[in-house]
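Undergrad: Would you mind keeping the following structure in view while I ask a few things?
A short reminder: the numbers here are calculations on the coordinates, not readings from a lab. Not measured: the values here are computed from a predicted model. Note that each Cβ is placed from the backbone with ideal geometry, even for glycine, and that neighbours are counted across all protein chains shown.
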Amino acid sequence: MIAEDLWDLTNGSSFVSLRGVASGVDVILKMEGLNPAGSIKLKTAREMVRAAEASGRIRHGSELIESTSGSLGIALAIISAARGYVLTLVTDPNTSDRTVHHMRALGARIVVVKERDANGGFLQRRIDYIQDRLAQDENLVWLNQYANPANVEAHRRNTITEILNECGTPDWLFVGAGTTGTLMGCVEGLRARESHTQIVAVDSVGSVTFDAPPQPRYIPGLGTSRRPEIFTDHDALLKVLIPEADTVRMCRRIAAERGLLVGGSTGTVLAAVAGLADRIEPGSLVLAISPDLGERYLDTIYNDVWVVSRLGEGALATSVPPSPRVLTDFLALGGVRA
Ligand SMILES: Cc1ncc(COP(=O)(O)O)c(C=O)c1O
């Protein structure tokens, strides 16, 4: 394929089979890190920019601002460099230095918000900063991945279609939740086809998206400290929270046992597969979405000193099985949320 634009190399049809991630469960991993932005967010950025260009909201020379933990920032910086947009990215201390250097190298201006919000995260503070800037500059445009329907559309149109075309209809689909664009796009796409797929929405312990108590988190990608506007709850969603220590253990296990250096969200989603393995019928078609690869996490998830200082010695013990908190079950039983 000779692409007209770099961002059309989304490489959405790459899948790899991981046998026996948990006893008796084979998973097909959808590899979304094999594109020029290194993550699934290339599709989100492309769709949001296309929609804004089509509506006349932005054109060559426009100034954009966006809140990002890194992946969307890199994707938007690629498109902005090539399209002539001036881009400011608002990030926080959980974004790695490498990612900040990457975004700067592509010409983006970086603002790091260091103050935590009331839920112990940074998202509300990043958004407050953007709203202050918008109030001062009426030409500034905020695509707002947390509320932009084009974020959902990117995955309804592409991600779920790529899965169905390549693999058929999954019995189980494990999807991580950050802005929930990927999740909602998959939900909408499967709903429209009246599919039987059990969708598992996977988030980190400490995230408030599924209405669980807030707690500080250290790994970027999944989780929020403020519920995204595009998220709509569905009874059919099985919602699971994974402790960050399980994320780290699974990432390290997959790297050591399979030679696949995965990013944090992938470790989280695979920990959910392993944690729910006893509910999955043998022979089921199980799919999990891997949003990015692990190189960006070499100084964090794959660095012993960082892991022990944030999550304790136990997070290095790769033989410890995951302990997911299944929110849906707690609610169905009328019990207390995790
Ligand atoms: C590495 C990574 N994984 C997962 C996600 C979550 O994807 P979504 O925002 O579509 O929920 C993000 C979002 O920024 C991400 O950067």
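Undergrad: Kindly provide the set of residues from the range 266-278 that are under 18 Å from residue 327 (Cβ atoms) and either among the hydroxyl-bearing types (Ser, Thr, Tyr) or near the ligand (Cβ under 10 Å from one of its atoms) (or both), ordered by number.
TA: Once the filter is applied, which keeps residues that are under 18 Å from residue 327 (Cβ atoms) and either among the hydroxyl-bearing types (Ser, Thr, Tyr) or near the ligand (Cβ under 10 Å from one of its atoms) (or both), the range 266-278 yields 268, 269.
Undergrad: Same structure, new question: Counting only residues that are without any contact (Cβ under 8 Å) to a residue 40 or more places away in the chain and surrounded by fewer than 20 Cβ atoms within 10 Å (Cβ to Cβ), which one in the range 157-184 is farthest from the ligand (Cβ to nearest atom)?
TA: 164
Undergrad: Right, here's the next one. Kindly establish whether residue 26 is under 22 Å from residue 247 (Cβ atoms), more than 21 Å from the chain's Cα centre (by Cα) and not small (Gly, Ala, Ser).
TA: yes
Undergrad: If you go through the range 230-240 one residue at a time, do you hit one that is buried (at least 24 other Cβ atoms within 10 Å of the Cβ) and within 13 Å of the ligand (Cβ to nearest atom)?
TA: In the first step, residues of the range 230-240 are kept if they are buried (at least 24 other Cβ atoms within 10 Å of the Cβ); the result is 239-240.
Narrowing further to those that are within 13 Å of the ligand (Cβ to nearest atom): none.
Scanning the range 230-240 turns up no residue that is buried (at least 24 other Cβ atoms within 10 Å of the Cβ) and within 13 Å of the ligand (Cβ to nearest atom).
Undergrad: Now a separate question. Name every residue in the range 235-255 that is outside any strand (DSSP E or B) and either out of contact with any strand residue (DSSP E or B) (no Cβ under 8 Å at 6 or more places or on another chain) or touching a residue at least 60 places away in the same chain (Cβ under 8 Å) (or both), in order of residue number.
TA: Correct list: 235, 237, 243, 244, 245, 246, 248, 249, 250, 252, 253, 254.
Undergrad: Of the residues 244, 281, only one is more than 23 Å from residue 44 (Cβ to Cβ), within 14 Å of the ligand (Cβ to nearest atom) and not aromatic (Phe, Trp, Tyr); which?
TA: Going through 244, 281 in turn, just one is more than 23 Å from residue 44 (Cβ to Cβ), within 14 Å of the ligand (Cβ to nearest atom) and not aromatic (Phe, Trp, Tyr): 244.
Undergrad: Another one. When you look at residue 10, is it in contact (Cβ under 8 Å) with a residue 12 or more places away in the chain, in contact with a Lys or Arg (Cβ under 8 Å, 6 or more places away or on another chain) and β-branched (Val, Ile, Thr), yes or no?
TA: Yes.
Undergrad: Of the residues that make up the range 188-199, is at least one of a type in the set (Val, Ile, Thr), buried (at least 24 other Cβ atoms within 10 Å of the Cβ), within 16 Å of the ligand (Cβ to nearest atom) and within 28 Å of residue 67 (Cβ to Cβ)?
TA: Checked against the condition, which is being of a type in the set (Val, Ile, Thr), buried (at least 24 other Cβ atoms within 10 Å of the Cβ), within 16 Å of the ligand (Cβ to nearest atom) and within 28 Å of residue 67 (Cβ to Cβ), the range 188-199 yields no hits at all.
Undergrad: With the condition being within 12 Å of the ligand (Cβ to nearest atom), I'd like the helices (runs of 4 or more DSSP H) fully within the range 37-108 carrying at least 2 qualifying residues. Steps first, please.
TA: Values: elements: 41-54, 71-83, 97-105.
Hits in the range 37-108: 41-54, 71-83.
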